[in-house]
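Input: a single structure, listed below in structure tokens.
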Amino acid sequence: MSKGKVILVGAGPGDDGLLTIKGAKEIEKADVIVFDRLVGENIINMLPEKAEKINVGKNAGNHPVPQEKINEILLNKAFEGKRVVRLKGGDSFVFGRGGEELELLKENNIDFEVVPGITSAIAAAAYAGIPVTHRDYCSSLHIITGHKRENKVLDLDYKSLVGINGTLIFLMSVSNAGEIANGLISNGMDIDMPCAVIENGTRPYQRKVISSLKNIAQDIEKENIKSPAIIVVGKVCSLSEKFDWFDKMPLKGRKIIVSRTKNTSSKMITALKEKGADVKIMPAIKTKPVDFEMPDLSKYNIAVFTSSAGVDGFFEKLYAIKKDARSLSSLKFACVGTETAKALEKYGIFADFVPSKFTGKVLAEEMTEKGFCSEKDSVILFRGNMASDEILDVLKSKNINYTEITVYETYFESCDKVDVSGYEFVTLTSASCVESFIKNADNLDKESITALCIGPKTEEAALKYSLKTVTSKEATIKSLVEKLEEICND
Ligand code: SAH
């Protein structure tokens, strides 16, 4: 059997946006992914289903898997002919033991590649408003380990570190901050030298403490700073307030559950993360196309879509039977809202009608009231199996002919229960989303979580379960996110 290959990939400091494009491509191609404790949780959640995933950050006793065991896993998997991604926090060669792993691979004649990552040493500082170099403040940058072997003192050349006039960045140093500060002070560094500690750098729940050399150890204790954190010592730390941008993001650190649906969640997640929110994804509903017989479309003159899944289901079938846009020439198109209309645009068609409020009921009422549709028309609706009867009731009451076709099915994705304690909000985009949130939420405290509902129907469903609700002005993701910002900045 041919030997496999190992690719050392630096996952960056935590923010999944800081994983490199090359790293992401390697992850997609991997048969096996061996990952560490410091790899961002959003990156871990994105790892492809098909790959075997091995977490070496923890084992049963909550201790990391020893390096020898990790080595054994890498070798065995490579000898089985697998493409192995060894995924590490930050950059694999910055105190990441990447070099040691390469020694082993080389000895065993196993091919390897290295994809550098963004190191926390620089990125955590950047997210705290600290440029690690600045011509007015320093002339060099040093990354130093503050880790000491059991019962030993730190073996650091403090004299040189003080003399070099650079920015000093200590990793693995939280518990030894006092010893480091004393070492620097007793070798002549100014006791008022600005310092910063950045915990969980680049993650939405990042915390920073700005201090001075004389106070740093006690401030770390007072704020209960825990690993992973870096300590930055140097004049550049004085820029932290002025250059702060991350802490100022409108949804910074707000804890939000997004219940996942196929078509809306990725947009929602991106929009929330871009504003600094701490997003947890909860599997909710999925849709799958169902087979249906395409009717003779020339018999109809109005097509109605109430979701982007409906649009996709319709066009997939149309193309599968080798028909194209020419077979739609008799039709005008009505969509329930702008998200659905955008889905239609992807197929080269602009909606002729979108109601003022994005619900099925208002769509049907306005189509008739505004003369878009009358008794003379023949309407065809392409929808999901769980669509409500509101539109049909209005059409019936106005004596309008219609045909309804189910083009996709909605089903609940089964998953382990998700611990929602500590979360302030959950976004809900349909009544079935509400159902699955209730089913999958663990430790749900209805007093402390607010359901952000996309429209009145969803709100109605949430109220049935006595959830506290807020509803967005319009049934769009943009409007829902705006509503959230409004609440958070009140
Ligand atoms: N290879 C990693 C460093 C591994 S050593 C890198 O390049 O970032 C582990 C130390 O890295 C931690 O003790 C902490 O000091 C630092 N670290 C890693 N991720 C961090 C983060 N998100 N925020 C702050 N410090 C982090």
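The values are calculated or read from the model by the stated rules, or taken from the named source; none is laboratory data. Treat the numbers as computed from the prediction; the structure is a model and nothing was measured. Cβ coordinates were reconstructed from backbone atoms using ideal geometry, including for glycine residues, and neighbour counts include every protein chain displayed. Surface accessibility is based on the protein's heavy atoms, side chains included, excluding ligands, DNA and RNA. Shrake-Rupley method; radii C 1.70, N 1.55, O 1.52, S 1.80 Å.
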Relative contact order of the chain, defined on C-alpha pairs under 8 angstrom at six or more residues apart (%): 11 percent
Using θ = phi - 60° and Karplus 6.51 cos²θ - 1.76 cosθ + 1.60, couplings along region 394-401 (whole Hz; Gly, Pro as x): 5, 4, 4, 5, 9, 6, 9, 6
Between region 432-489 and region 332-374, the alpha-carbon center distance in angstrom: 25 Å
HIS134, HIS63, reordered so the largest accessible area comes first (probe 1.4 Å): HIS63, HIS134
Histogram of C-alpha separations across region 288-412, 10 Å bin width, %: 13, 49, 33, 4
5 angstrom amide H check on LYS468, placed H, neighbours 5+ away: ALA451
Lys pairs under 17 Å by Cα in region 1-66, provided they are eight or more residues apart or on distinct chains: 9
Calculated FRET efficiency for the pair SER356/GLU221, C-beta based, R₀ 51 Å, to 0.05: 0.35
25 °C / 0.890 mPa s Stokes-Einstein diffusion coefficient of region 5-118, Kirkwood radius on C-alpha pairs, µm²/s: 179 µm²/s
For LEU141, distant residues with modelled amide H under 5 Å away: THR167
9 Å beta-carbon shell around GLY10, net charge (K/R +1, D/E -1): 0
Residue pairs, from the table LYS398/LYS439; LYS69/LYS226; LYS235/LYS483; LYS77/LYS439, whose Cα atoms sit over 29 Å apart: LYS398/LYS439; LYS235/LYS483; LYS77/LYS439
Additional length obtainable on full extension of the chain from SER378 to LYS22, 0.36 nm per residue less Cα span: 123.0 nm
Portion, in percent, of the accessible area of the chain that falls on carbon or sulfur, probe 1.4 Å: 49 percent
Solvent-accessible surface (1.4 angstrom probe) belonging to ASP291, in square angstrom, nearest 10: 130 Å²
Whole-number accessible area per residue in Å² for the chain, which is evaluated in the context of all protein chains at 1.4 Å: 49 Å²
For the chain, the Rg and Dmax computed from alpha carbons only, in angstrom: 28.1, 92
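Set the Förster radius R0 to 35 Å, insert the Cβ-Cβ distance between MET46 and VAL470 as r into 1/(1 + (r/R0)^6), and round the FRET efficiency to 0.05.
Working: r = 29 Å, r/R0 = 0.82.
Using R0 = 35 Å, I get an efficiency of 0.75.
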Backbone HN-Hα couplings from phi across region 92-97 [Karplus 6.51/-1.76/1.60, Hz, Gly and Pro as x]: 5, 9, 9, 6, x, 6
Residue-wise HN-Hα coupling along region 321-336, computed from phi with Karplus coefficients 6.51, -1.76, 1.60 (Hz; x: Gly, Pro): 8, 6, 10, 9, 4, 5, 7, 9, 5, 7, 9, 9, 10, 10, 10, 5
